[in-house]
Amino acid sequence: MAEANPMLSLDALTFQSARGALEQGCAAIAAGETVFDLGGVGAADSSGVALLLAWQRRAQRAGQRLTFINVPQNVQKLAALYGVDQLVQ
């Protein structure tokens, strides 16, 4: 199993935290990280799904594919509702 990303330490994937989370994730991708552990995320909304997709697109442009582990259940449910659950697994 791949090791989780030590550079990504987020407690929320919400509208309020989206800008900082996007920047943090993009920096981790630029550093070559490909596994994002979201186990510390306690709050998330639909912005969280958008962040995962944005990170995945950024990684794809860099020739990588991200793996998200410990994705909060509400983010999984929102991704399924929007039909993008395969992109955030």
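Grab the alpha carbons of the chain, take their convex hull, and tell me the volume per residue in Å³.
Values: hull volume 7.4 nm³, N = 89.
That works out to 83 Å³ per residue.
Please identify which residues in segment 17-40 have an amide N closer than 18 Å to a label point set 7 Å out from the Cα of Gln60, following the Cα→Cβ vector. Residues passing the 18 Å test: 26, 29-30, 34-36. With viscosity 1.567 mPa s and temperature 4 °C, the Kirkwood radius over alpha carbon pairs of segment 35-82 converts through Stokes-Einstein to a diffusion coefficient of 117 µm²/s.
Each label point was placed 7 Å from the Cα along the Cα-to-Cβ direction; for Ile69 and Ala30 their separation is 2.6 nm.
Readers should treat all values here as calculations from the given coordinates under stated rules, not as data from a laboratory. A quick note: this is a predicted structure, and the numbers were derived from the prediction, not measured. Counting neighbours? That spans all protein chains shown, and the Cβs are built from the backbone with ideal geometry, glycine included.
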